[in-house]
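Notes to accompany the following structure.
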Amino acid sequence: MNSGWFDDAVKCGALLVASCVAGNAISAGFSLNETSAGAAGTAYAGRAANPEDASIMSANPAGIAFLDTPQFTVGGGLIIPHEKYTHGEGKDSTGAAVTNSSIKGDFVGAQGVPFGFFSMPLDGPLNVGLGLYVPYAAMTEYGDDFVGRYLALNTELVTMNLQPTFSWKFSDQFSLGIGLVFSYLDGELTQMKGLTAMDSKSKMTGHDWGYGWNAGFLWKPNHELSIGVAYTSKINYTVEGDFKLEGSFVNAESHGHIKLILPEKWEVSSVYQLDNQWAVMAGAVWTRWSRFDEIKAIADDGLTLSPPLPPTSNVPAGGVASYTPENWKDVWAWSIGASYRYSEEWLFRAGYGYDTSPVKSAWRTARIPDIDREWLTFGASYQPAPDYTIDLAYGHMLNKNVKVDEHEYNWNNATGEVTRGAASYKAKYKVSANVLVVSLTHRL
């Protein structure tokens, strides 16, 4: 995409989101679901089949065809994680125990995630819309004295999607839709390198634009049942920026890049209206997280390291400066929910969700100490006037305990061989969270 005011505006927006988005993402892996306060109340069950407002385009672009008036939905989520590590143990690059370091503490804080959507019907069967939302984010921050600092310090990965959307309503029962996704990614990875006595900090920063699409259909075979099916494509990024080593003995810098693929996914949703007051809904999402198999940082200009490090520590131009195997797996997420129409002004919701983690136990890292997640959610909609709706949802992720046993891996630039290094980190993690999501919809 050409640079200009639009490019700069989205970059500024991504940097703003990076400063306020949550650490360990609220869906499994580092997916974020916080694009709809209404759907959050039912643990996102039925979200691809329930066109309550313009936010449906992020899940299923076909949904906006059933919105009869121009409208916008704006809102955000406040994520309050309770994530701690304890009993930390670490070894440096020689295999010596890391001492006088932090062995317990927090590594994420309470943060927010914004979103905004607009849709409008045109003449005939066509509806158009525009969405701005954050589908992926991972942010963890350990102190410089972290006992596992030779594996991880800071992690920041945030994507912001801009999505023009088009939907065709073929009848009162069926619609198709497609969204074009312009995705901006901003990232930073830091960790310590070297021996304990002469640490240097490794820092990789970069950004890139990626492009993809989503598409779906919404089918209402009768007045009671709605079925939505949607597909979101993968997006390829080449995250370009700077790779730096800074310390008392080592100072080196190179332009660098990391190639990253964020995965495709399928979503199936259904909503069944039992009567004038009660509705039940369900949903399933399959995500191809096996695409996230490694983080390989390339030093395009090479890195020449100064003594006392030997020349064999140098990284040639185009060589691998840092390597982390991930080896994630494809996963399913499931959810069920219900809503109750109390009056013309009030609607109440509840839901349960289960997200399977894509992280295999043997490959769990301090950067993303992920685990299967269970959610209980509650929500409400209040309509103070015909043209306005306020949605509010609360979710609680049940407390989970997990262990991290991570090892350093080294890439041999001469042979391409990957070997396990001496640095390691192990700890116990306790993970839970509370989430508030709120939005305002205004029908014009």
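Please give me the summed charge of the neighbours of Leu440: other residues whose Cβ is under 14 Å from its Cβ, Lys and Arg +1, Asp and Glu -1.
Overall, the nearby charge balance is -3.
Using the average count of surrounding beta-carbon atoms within 10 Å as a protection proxy, the listed peptides 259-266, 118-125, 32-39 rank, highest first, as 32-39, 259-266, 118-125. Taking Lys and Arg as +1 and Asp and Glu as -1, the other residues whose beta-carbon sits under 9 Å from that of Ala317 total -2. Of the cross-linked pairs Lys91/Lys244; Lys104/Lys296; Lys91/Lys329; Lys91/Lys428; Lys265/Lys426; Lys234/Lys400, which ones have a Cα-Cα span greater than 24 Å in the structure shown? Going by Cα-Cα distance, Lys104/Lys296; Lys91/Lys329; Lys265/Lys426; Lys234/Lys400 fall outside the 24 Å limit. The order of the peptides 273-282, 427-436 by mean Cβ neighbours within 10 Å, most packed first, is 427-436, 273-282. Between the helical axis of 5-20 and the dominant principal axis of the chain, each derived from Cα atoms, what acute angle in degrees is found, rounded to the nearest 10? It works out to around 80 degrees.
Assuming charge only on the beta carbon of Lys and Arg (+1) and of Asp and Glu (-1), the dipole of the chain about its Cα centre is about 920 debye to the nearest 20.
Look at where the Cα atoms of the range 356-411 and of the range 415-444 average out, and the two centres are 9 Å apart. Using a ≥ b ≥ c from the Cα gyration tensor of the range 114-250 (square roots of the eigenvalues), is it rounded, prolate or oblate, where a/c under 1.5 gives rounded and otherwise the larger of a/b and b/c decides, a/b for prolate? Prolate.
Quick check: net charge around Lys426, other residues with Cβ under 11 Å of its Cβ, Lys/Arg +1 and Asp/Glu -1?
Here the charged neighbours net out to +1.
Ranked by the mean number of other Cβ atoms within 10 Å per residue, highest first, peptides 337-347, 68-78 order as 68-78, 337-347. The ranking of Ser335, Ser101, Ser254 by Cβ neighbour count inside 10 Å, starting from the fewest, reads Ser101, Ser254, Ser335. Calculated mean residue ellipticity, 222 nm, the chain: -1500 deg cm²/dmol, from DSSP H runs (n ≥ 4) at -39500 (n - 2.57) each, averaged per residue and rounded to 500.
All of the numbers you see were taken from the coordinates with simple rules; none came from a lab. What you see is a predicted model; the values in this text were computed from it and never measured. Neighbour counts are summed over all protein chains in view; Cβ atoms, including those assigned to glycine, are modelled from backbone coordinates with ideal geometry.
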